[in-house]
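Since every read-out is calculated from the coordinates, none of them should be taken as a lab result. As the structure is a computational prediction, the values presented were derived from the model and not from experiment. As a convention, Cβ positions derive from the backbone with ideal geometry for all residues, glycine included, and neighbour counts pool all protein chains shown.
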Amino acid sequence: MTTQPRSDAELAAQPAAYWTGLAYEALIAFTRARQAELGFTQPGYWLLRNLSPNDLSPDGRGMTVPELQQAMSTYLRPEDDVAAEAEDLLERGWLRRDDTGRLWITEAGDEARATPKRHAPAIRTHIHEGISDADYVTTVKVLQRMIRNTGGAVGQGLSFGSGRL
């Protein structure tokens, strides 16, 4: 049985990768569970977002499954099956497939896409409960510094309000 470190010095000696890994898994599990309650999978939601001219699609053009996998490559998890997700959305009538195999969002799909986006602020509020904005900003800055210290690239980040979830 593992015991929690009792002092700040003990916490400071803990590996960052351990804690960031635990946080990542807990946050992903929580977010995906909230989306499942709304009748969505996270990858399915991302498919709709990437195909919507009202969201991430720059031109509203259809995309193939490999193109969608490439567009979402930085945030897909190994277990995410884009082809299976697309099939589910086709069955729901939220996507359609043209003769060339390109997927297009339907009007019903674009309406459905808005549902999780409306819930994103409440999910964020729950995750951030008891954490001041100042503490959160400090945490993000520390993580960005660790990324740079290890040769990683720090992007501009995401807007939770954007509905990325």
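From zero outward in steps of 5 Å, how is the percent of C-alpha pairs of the range 1-139 spread across the bins?
The calculated distribution, bin by bin, is 2, 8, 16, 18, 16, 12, 9, 7, 5, 4, 2, 1, 0.
What list of ³J(HN,Hα) values in whole Hz, one per residue of the range 104-111 in order, does the Karplus curve 6.51 cos²θ - 1.76 cosθ + 1.60 (θ = phi - 60°) give from phi, with Gly and Pro shown as x?
My calculation for the range 104-111 gives 10, 6, 9, 4, 5, x, 5, 5 Hz in order.
Taking θ = phi - 60°, what integer Hz values does the Karplus form 6.51 cos²θ - 1.76 cosθ + 1.60 yield along the range 90-96, in sequence order, with x for Gly and Pro?
Couplings: 5, 4, 6, x, 8, 10, 9 Hz.
Hey, what does the equivalent ellipsoid look like for the range 50-108, semi-axes from the Cα gyration tensor as sqrt of 5 times each eigenvalue, largest first, whole Å?
Gyration-tensor ellipsoid for the range 50-108: 17, 14, 11 Å.
What are the ³J(HN,Hα) couplings of the range 31-45, residue after residue, when phi is run through the Karplus curve with 6.51, -1.76, 1.60 and θ = phi - 60°? Round to Hz, x for glycine and proline.
Running phi through 6.51 cos²θ - 1.76 cosθ + 1.60 with θ = phi - 60° gives 4, 5, 5, 5, 5, 4, 4, 8, x, 10, 9, 4, x, x, 4 Hz.
Just want the answer: with Cβ charges of +1 for Lys and Arg and -1 for Asp and Glu, which residue in 71, 126, 114 is farthest toward the dipole's positive end in the chain?
126
List the residues whose amide H sits under 5 Å from the amide H of residue 106, counting only those 5 or more places along or on another chain, with H placed 1.01 Å from N in the peptide plane.
Residues meeting the criterion, in which the H sits 1.01 Å from N, are 95, 96.
For every helix of n ≥ 4 consecutive DSSP H residues, a contribution of -39,500 (n - 2.57) applies; sum these over the chain, divide by its total residues, and give [θ] at 222 nm rounded to the nearest 500 deg cm²/dmol.
-18000 deg cm²/dmol
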